[in-house]
1. Output the residues belonging to region 316-328 that are loosely packed, with under 14 Cβ neighbours inside 10 Å and part of a loop (DSSP other than H, G, I, E, B).
2. Of everything in region 253-290, what is part of a loop (DSSP other than H, G, I, E, B), within 12 Å of the ligand (Cβ to nearest atom) and open to solvent by less than 30 Å² (accessible area, probe 1.4 Å)? Give them in sequence order.
3. In region 120-149, what residues are under 10 Å from Val182 (Cβ atoms), charged (D, E, K, R) and in contact with an Asp or Glu (Cβ under 8 Å, 6 or more places away or on another chain)?
4. Is it true that some residue in region 312-324 is touching a Phe, Trp or Tyr at 6+ places or on another chain (Cβ under 9 Å) and modelled with pLDDT of 95 or more?
5. Hey, can you tell me all the residues within region 93-135 that are small (Gly, Ala, Ser), more than 24 Å from Met170 (Cα to Cα) and either surrounded by 15 or more Cβ atoms within 10 Å (Cβ to Cβ) or without any contact (Cβ under 8 Å) to a residue 40 or more places away in the chain (or both)?
6. Could you please let me know if Glu344 is of a type in the set (D, E, K, R), surrounded by fewer than 18 Cβ atoms within 10 Å (Cβ to Cβ), within 24 Å of Asp395 (Cβ to Cβ) and more than 16 Å from the ligand (Cβ to nearest atom)?
7. Spot the failing condition for Trp17; the list is (1) open to solvent by 60 Å² or more (accessible area, probe 1.4 Å); (2) over 23 Å from Lys94 (Cα atoms); (3) part of a loop (DSSP other than H, G, I, E, B), and only one is missed.
8. Can you tell which of Ser22, Ser45, Ser104 is assigned to a helix (DSSP H, G or I), at pLDDT 95 or above and of a type in the set (S, T, N, Q)?
Amino acid sequence: MKVLVVGGGGREHALCWKIKQSPLCTKLYCAPGNAGTREIAESVSLQPGNLGALALWALENRIDLTVVGPEAPLAEGIVDMFAEHGLRIFGPTKEAAMLESSKSFAKEVMQRAGVKTAQAEIFEEFEKAKQYVLDRGAPIVIKADGLAAGKGVAVAKTTEAALKFLEEVMLRGSFGASGSRVVVEEFIDGREASVMAIVDGLTVLPLVVSQDYKRLLDGDQGPNTGGMGAISPTPVLGDQGVENLVGEIMVPVLRELASRGINYTGFLYAGIIVDAGRNASVLEFNCRLGDPETQVILPRLESDLLAALDCAASARLSSVELRWSTRAAACVVAASRGYPGVVEDGKLITSSLTAADNCVLFHAGTIADAESPELVRSKGGRVLCVSALGDTVDDALRQIYTGIEKVQFEGMHYRRDIGL
Ligand code: GLY
């Protein structure tokens with residue numbers, strides 16, 4: 001089977017790494033990929049947003065299955081476009097991807113499906129949103145409706161901070177059209193976990209639970225990021241908890257979508273929060289796998305991922321069972337100086353990691369040097385992710401924190417408290 005993975009981050013490197021292990025995979029491509037994926041997949045120099053060119057390329061190269069990593073091409077309709085060309089692709093349609101691309105749509109679907117989620121109101125007028133914030137007080141959560149590269153959500157501890165963010169989103173247009181509508185919702189105190197699944201229609205095949213660490217600095221300090229590390233499993237939620245949540249959260253939402261004529265096929269990610277009373281509520285849905293959660297989930301998967309995705313893309317997922325390692329996994333992200341703000345690209349990356357270190361080095365923001373392609377340089381905020389399996393999460397982290405010392409680039413920094 002000739003397979004194309006769309007995207008170029010750590011999640012896509014992990015997807016390529018796992019798909020490459022499948023005996024079904026005869027040829028693997030990644031568009032655009034990074035300096036890590038090029039070791040296992042042929043790079044295609046097309047950006048994920050170039051939907052038409054990707055579809056033509058897939059047709060010309062007789063791709064049997066395309067797997068999409070990031071949310072943006074899904075929200076733009078890559079699945080619809082590939083289907084129009086008769087190409088097989090694993091992911092939700094543009095309409096189904098609204099579970100992530102429109103926070104108000106997701107909230108309304110959850111409310112109609114009777115899924116436990118934070119109480120919320122949706123606003124298109126600044127003055128009404130402002131009055132609601134003043135009436136409710138802080139802490140309170142403000143979400144820009146559309147995609148905002150992970151920056152469109154503020155958990156405001158004070159009313160002033162909430163109003164400032166609201167102004168940024170609705171009056172100053174910091175997130176463009178994504179901020180013309182906002183969801184203002186109650187703050188739920190608790191611990192977060194990531195519940196993900198492979199879905200085809202109403203069939204849901206859960207993946208093992210994971211937890212990511214979104215704050216930049218140790219002790220959960222500093223600004224929010226895409227994720228600085230992850231663990232699987234997590235004490236926040238056991239495997240039984242995942243099974244229950246799939247029944248309580250995903251199935252009702254998929255039924256509600258189906259009642260609207262929307263068939264959901266693809267990865268589905270529920271960001272959940274578990275409060276002190278062990279009650280779980282949905283914070284958000286994503287129409288893709290998490291990054292860096294994928295880098296801890298896939299190392300624990302013993303089954304053939306490609307076979308499962310191939311079945312799901314043909315509405316045959318009910319015949320698939322996944323086997324998981326009982327070992328734990330963790331990962332730590334190495335970021336550029338300045339991340340999540342402005343970063344300086346082009347730093348030379350060196351690594352003396354060997355197989356004896358028992359770590360997997362997933363690349364994210366890396367490219368081959370233009371003149372000496374054997375050299376690798378940084379390009380972006382999250383640059384690398386060191387993953388490992390261990391008897392326990394602590395054991396995996398011990399190996400990672402030893403291994404990551406062997407990786408270097410100027411300005412590299414990482415959290416030293418993942419898993420604590
Ligand atoms: N790590 C969070 C996300 O992928 O959305």
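1. Answer for region 316-328, where residues must be loosely packed, with under 14 Cβ neighbours inside 10 Å and part of a loop (DSSP other than H, G, I, E, B): Arg316, Glu321, Arg323, Ser325, Thr326.
2. Cys287, Leu289, Gly290
3. Of everything in region 120-149, those that are under 10 Å from Val182 (Cβ atoms), charged (D, E, K, R) and in contact with an Asp or Glu (Cβ under 8 Å, 6 or more places away or on another chain) turn out to be Glu121, Lys143.
4. Restricting attention to region 312-324, the residues satisfying the condition of being touching a Phe, Trp or Tyr at 6+ places or on another chain (Cβ under 9 Å) are 312-313.
Okay, now just the ones that are also modelled with pLDDT of 95 or more, so 312-313.
Yes, there is a match, as at least one residue in region 312-324 is touching a Phe, Trp or Tyr at 6+ places or on another chain (Cβ under 9 Å) and modelled with pLDDT of 95 or more.
5. Matches in region 93-135: Ala96, Ala113.
6. Details: of a type in the set (D, E, K, R): yes; surrounded by fewer than 18 Cβ atoms within 10 Å (Cβ to Cβ): yes; within 24 Å of Asp395 (Cβ to Cβ): no; more than 16 Å from the ligand (Cβ to nearest atom): yes.
No: the conditions fail for Glu344.
7. Looking at each condition in turn, Trp17 falls short on (3).
8. Ser104 is the lone residue from the list that is assigned to a helix (DSSP H, G or I), at pLDDT 95 or above and of a type in the set (S, T, N, Q).
The values are calculated or read from the model by the stated rules, or taken from the named source; none is laboratory data. Everything quoted here is computed from the prediction, not taken from an experiment. Every residue, glycine among them, receives a Cβ derived from its backbone with ideal geometry; neighbour counts consider all protein chains shown. Ligands, DNA and RNA are excluded from the accessible area calculation, which covers all protein heavy atoms including side chains. Shrake-Rupley method; radii C 1.70, N 1.55, O 1.52, S 1.80 Å.
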